[in-house]
Ligand SMILES: [Zn+2]
């Protein structure tokens, strides 16, 4: 460039050289680069994209959030697998009454139509039994479990309803009695009819066994005549370990 400028000055003569020297000449390497043309359009486009709603993704996310909120709203004992109502302290006469009481509507997705009242410790043990005992023992038979029928929950009474006996664990919301497992296709496995029969008996024994551990006391038809038609589960704890008959 400079070589061409020198050549131009030489051939143009002194007068032209004078005029030329007054005009400031920017050297190419000092020129400020102009912003590239697509720089502005790129940022416009980025803003437009980020503001554009994405209806499908938003709807799916919203549905999931609604389901989550509903489960959290209906959960009891801090566990979404336990759905029901929080009752707090239920007062009863004498030594009767329940602390941390809840009314259980469903456990691990299985309904308890009688909405039994118990404390949270018992509700959590019940969940373990439903998941490890009831559900796997029934499997897909009869379309799987529809609901679980309870015979007794919180009740201010003595053991086995006998006047001479000690206060029952039911009287403090620590016990639940299970009478039947209703299947989706309509049939019910009952403790009364099923315990002595073939297939139902095997499943019921499996369920009885699975309760021993999560619950401190597990009684069935072989415990005594009062338990021919139901399982009694309670969360009383013994130093010697669970008591299961
Ligand atoms: Zn009982």
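For the peptides 124-133, 223-232, the ranking by mean Cβ contacts within 10 Å, running from highest to lowest, is 124-133, 223-232.
A full extension of the chain between residue 193 and residue 56 corresponds to an added length of 44.1 nm, given 0.36 nm per residue minus the alpha carbon distance.
Mind ordering 167-177, 103-113 by average Cβ neighbours within 10 Å, highest first? Don't skip to the answer; put the middle values down first.
Values: 167-177: 23.5, 103-113: 18.7.
Highest-to-lowest ranking by the protection proxy: 167-177, 103-113.
Divide the volume of the convex hull around the Cα atoms of the range 100-211 by the residue count and you get 101 Å³ per residue. Estimated at 0.36 nm per residue, the fully extended path between residue 85 and residue 202 surpasses their Cα-Cα distance by 38.7 nm. Judged by the mean number of other Cβ atoms found within 10 Å, the most tightly packed of the peptides 63-75, 197-209 leads the ranking 197-209, 63-75.
Every number in this text was worked out from the coordinates using simple rules, so none of it is lab data. Just so you know, these numbers come straight off a predicted model, no measurement behind them. For neighbour counting, all protein chains shown are included, and Cβ atoms are generated from backbone atoms with ideal geometry for every residue, glycine included.
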